[in-house]
Amino acid sequence: MLSVVQALNARLQAALERAFPEASAQARAADSPLDLQLGPASKPEFGDFQANGALGLARPLGQPPRRIAEAIVAALATDPAFNALCQPAAIAGPGFINLTLKPELLAAQVRERLGDPRLGVEPATIPSGDSPGPVIVDFSSPNIAKEMHVGHLRSTIIGDCLARVLEFRGHRVLRLNHVGDWGTQFGMLITHLKQVAPEALNTADAVDLGDLVAFYREAKQRFDSDEVFQSSSREEVVKLQGGDPISLKAWGLLCDQSRREFQKIYDRLNIQLSERGESFYNPRLQAVVADLDKSGLLVSDDGARCVFLEGVTGKEGKPMPLIVQKSDGGFNYATTDLAAIRYRLGPDGDGAGRVIYVTDAGQASHFAAVFQVAERAGWRPAAVSLEHVPFGLVQGADGKKLKTRAGDTVRLRDLLDEAVERAEADLRRRLQEEERTETESFIQEVATTVGLGAVKYADLSTNRITNYQFSFDRMLALQGNTAPYLLYAVVRIQGIARKGGDLVAFPDQLLFNEPQEWALVRQLLQFDAVIAEVEADLLPNRLCNYLFELSQIFNRFYDQVPVLKAEEPARSSRLALCRLSADTLRLGLGLLGIPSLERM
Ligand code: ARG
């Protein structure tokens with residue numbers, strides 16, 4: 001209904017101009033046009049929308065707010081375009097204007113969405129001219145030779161959902177996996193493997209990721225305690241960075257090993273990603289330093305080269321440096337991210353229009369720093385935004401960092417397996433209670449969809465900024481704000497079709513009477529506004545909450561108002577609401593990365 005909101009805003013603006021022509025003209029000339037502040041009604045009894053701007057206009061217009069509201073309502077009353085949208089406007093309290101859309105208009109909006117694959121969501125208006133740059137979503141981004149952990153899982157799930165929403169809106173999206181595949185850790189890993197498992201360095205598949213992680217841990221321990229090992233590791237890094245073929249081959253094999261494991265998780269979760277790891281920027285690091293030097297930002301500090309950050313002070317109020325080249329000449333995480341920004345925004349690179357980074361909140365100061373330096377270096381075109389999308393920690397039921405019972409870090413593979421196993425056990429129990437027999441392939445499909453969907457939904461439905469408590473019991477519950485509850489609402493509607501309800505053909509005019517019907521109509525028509533909000537604020541929980549409310553409102557409607565047993569024309573109008581509810585839930589779940597089921 002965003003187009004209705006736009007039309008309504010235009011009518012309010014026109015009324016304002018007619019009621020207060022001089023003041024409107026003056027305000028426009030001063031570049032701050034008067035605004036009636038149209039927003040959703042705070043309570044259903046106030047109608048659909050509320051315009052509260054009369055209060056703020058009392059001073060500039062020199063009149064009591066109620067008089068202003070009266071003048072605007074009078075102007076609206078004689079505007080045919082307004083009268084086509086709304087019932088007569090009403091004034092409440094000191095000067096609030098309450099607006100109620102015409103029932104015919106709402107019914108027509110519902111009718112328009114039946115069979116529309118976009119469900120009223122307009123494609124994004126992409127500026128014409130030169131082909132617009134892509135939106136980059138940098139997400140997942142695990143590190144080679146380390147296990148992907150729950151933090152990466154959060155990034156993967158949230159990043160994928162944001163990418164889906166942006167793609168649905170019609171943006172070209174580059175889903176980039178900025179894997180940690182470069183740096184000093186490879187020096188120590190290769191040095192260690194040369195001694196303990198040389199086959200891993202020249203034979204594919206000689207070790208699996210679990211072993212690699214263990215080797216990495218050992219290597220790190222040696223690095224921290226053994227000076228000889230330390231210096232051979234450093235030499236090894238130099239060789240690798242210098243392009244030594246043997247080192248490069250070993251590095252390539254180690255990366256492949258990890259990559260294959262990561263890919264298994266992506267395949268299971270149906271996640272598309274293009275890998276462009278840290279190593280990609282290796283040849284572009286020197287240019288970052290040179291460029292920063294040229295723009296006068298680079299300072300030498302104790303042999304290291306850095307940029308002093310504005311507005312960020314450390315101990316004793318001293319400005320904090322962002323180190324871009326260490327005193328030994330090496331580069332770091334920040335240098336790589338600076339090179340990545342330069343490449344992503346630059347005309348010779350991606351020429352992106354928006355770059356979104358999905359990582360844990362712990363990296364907020366890192367991104368604030370690199371964004372600032374990129375800004376001051378003049379790398380960011382005015383219309384382009386760099387956005388860090390932070391998220392909180394994943395905690396166990398005890399509120400502490402998620403661990404296995406033995407106290408180890410949880411492996412993602414095990415976590416997903418357990419979700420599916422539990423979903424399967426729940427399903428088998430339910431089938432037994434209901435004395436249903438189903439095929440094994442049905443059971444597997446439902447258990448997989450419910451289990452993996454529950455993991456995704458639990459993550460997406462909490463405000464990402466807060467820490468999130470991982471609980472299989474909660475996420476798999478059939479009641480509450482969970483994936484199973486939403487999936488079940490879709491299944492319920494499919495059942496209506498199986499019981500003979502026509503969910504395909506509809507009359508041209510729909511008629512609604514009951515409050516439960518209107519509540520559902522109004523909720524269904526909010527979908528486009530919710531998508532626009534997610535696109536702007538990058539908060540998937542907004543979409544989850546919307547879908548949860550929709551399911552609740554649908555269930556209330558379906559429990560309290562007869563559908564299949566109703567007389568025409570109510571019957572087909574109500575079936576239309578069922579159909580649009582199912583389509584909206586399916587599309588919404590799809591944007592969360594969760595496929596729907598016919599039966600469960
Ligand atoms: N590899 C990093 C980590 O595991 C995440 C990278 C995020 N993306 C970026 N451009 N820095 O924490």
Under the helix-only model (-39500 (n - 2.57) for each DSSP H run of 4 or more, divided by the residues of the chain), the mean residue ellipticity at 222 nm, to 500 deg cm²/dmol, is -17500 deg cm²/dmol
Using distinct alpha-carbon pairs, which all enter the 1/r mean, Kirkwood radius of the range 89-237 in Å:
20.9
Accessible area (Å², 1.4 Å probe, nearest 10) - residue 450
20
Tell me the Rg and the Dmax, in Å, that the Cα atoms of the range 37-84 produce.
11.9, 32
Whenever you get a sec, line up 583, 408, 337, 348 from highest to lowest accessible area (probe 1.4 Å, protein heavy atoms).
348, 408, 583, 337
With +1 on the Cβ of every Lys and Arg and -1 on the Cβ of every Asp and Glu, the dipole magnitude of the range 430-540 about its Cα centre, in debye rounded to the nearest 20, is 180
Using a 1.4 Å probe on the protein heavy atoms, what percent of the accessible area of the chain belongs to carbon and sulfur?
51
Sorting 22, 375 on solvent-accessible surface, 1.4 Å probe, most exposed first, gives 22, 375
Any chance you could get the radius of gyration and Dmax over the Cα atoms of the chain, in Å?
29.0, 88
Using only the alpha-carbon atoms, how far is helix 540-560 inclined from the longest principal axis of the chain? Give it as 0 to 90 degrees, nearest 10.
40
Report, largest value first, the span of the C-alpha coordinates of the range 30-114 along each principal axis, in whole Å.
47, 28, 23
Under the Karplus relation 6.51 cos²θ - 1.76 cosθ + 1.60, θ = phi - 60°, what is the ordered set of whole-Hz ³J(HN,Hα) values for the range 571-576, x standing for Gly and Pro?
4, 6, 5, 6, 5, 4
Between the range 505-566 and the range 262-309, the alpha-carbon center distance in angstrom:
45
Angstrom value of the Kirkwood radius, inverse mean 1/r, which spans all Cα pairs in the range 158-275:
15.9
What accessible area, in Å² to the nearest ten, does a 1.4 Å probe give for residue 385?
40
Identify the trypsin sites (Lys or Arg not before Pro) of the range 382-465 meeting these criteria: DSSP loop state and at most 16 other C-beta atoms within 10 Å of the C-beta.
400, 405, 436
If you restrict to DSSP beta bridges whose two residues both lie in the chain, what percentage is antiparallel, to the nearest 5?
50
Any idea what angle helix 150-168 forms with the longest principal axis of the chain, computed on alpha-carbon atoms, 0 to 90 degrees, nearest 10?
50
Work from the charge dipole of the range 304-365 (Cβ charges, +1 for Lys and Arg, -1 for Asp and Glu, about the Cα centre) and give the residue of 312, 343, 361 farthest towards its positive end.
312
What dipole magnitude, in Debye to the nearest 20, does the chain give about its Cα centre under +1 on Lys/Arg Cβ and -1 on Asp/Glu Cβ?
780
Of the residues 507, 300, 570, the Cα lying farthest along the dipole of the chain towards its positive end, which is defined by charges on the beta carbon of Lys, Arg, Asp and Glu, belongs to 570
Rounded to whole Å, give me the distance from the Cα center of the range 443-483 to that of the range 314-380.
34
Radius, Kirkwood style, for the range 507-600 when every pair of distinct Cα atoms is counted (Å)
14.1
Quick one: the Cα spread of the range 1-155 along its three principal axes, in angstroms, biggest first?
70, 41, 37
Å² per residue, accessible surface of the range 395-530 at 1.4 Å
51
Quick calc, the range 17-73, dipole around Cα centre from Cβ unit charges on Lys, Arg (+) and Asp, Glu (-), nearest 20 debye, gives 180
Ignoring everything but the protein chains, give the 1.4 Å probe accessible area of residue 553 in square angstrom, nearest 10.
30
Mind pulling the angle between the C-alpha long axis of helix 285-294 and the longest principal axis of the chain? Nearest 10 degrees, somewhere in 0 to 90.
80
Sort 565-576, 500-511, 349-360, 7-18 by the packing proxy (mean of other Cβ within 10 Å over each peptide's residues), most packed first.
349-360, 7-18, 565-576, 500-511
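The values are calculated or read from the model by the stated rules, or taken from the named source; none is laboratory data. Since the structure is predicted, the reported quantities are computational estimates derived from the model, not experimental observations. Note: ideal-geometry Cβ built from the backbone for every residue, glycine included; neighbour counts use all protein chains shown. SASA here: full protein model, heavy atoms, side chains in, ligands and nucleic acids out. Shrake-Rupley method; radii C 1.70, N 1.55, O 1.52, S 1.80 Å.
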